[in-house]
1. Evaluate E = 1/(1 + (r/R0)^6) for Leu36 and Ala13, where r is the Cβ-Cβ distance and R0 equals 35 Å; express this FRET efficiency to the nearest 0.05.
2. Tell me, in nm to one decimal, what length is gained between Ile25 and Val45 on full extension, where the rule is 0.36 nm per residue of separation less the Cα-Cα distance?
Amino acid sequence: MTMMVERAGGTLAVNDVIDHVLTPIVHRVVFQPETLNDDLAPTFVDYLFAGR
């Protein structure tokens, strides 16, 4: 998470990380484990930082 905060320049809210990175991953772990792969987390992080 430290790298995400540094990437955001210190303006990243914890709730944004929970809503846009952790929640989608946990959802997939519980309901769609077959969709998990190594590219999933970076994809959500990129989405979180799109437009910043």
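1. Using R0 = 35 Å, I get an efficiency of 0.85.
2. Numbers: separation 20, 0.36 × 20 = 7.20 nm, distance 1.11 nm.
Taking 0.36 nm per residue and subtracting the Cα distance, the gain is 6.1 nm.
Quick note: the coordinates plus some simple rules give every number you see, no bench work behind them. Values in this document were obtained by computation on a predicted structure and should not be read as measured data. Methodologically, a virtual Cβ is constructed for each residue, glycine included, from the backbone with ideal geometry; neighbour enumeration extends over all protein chains shown.
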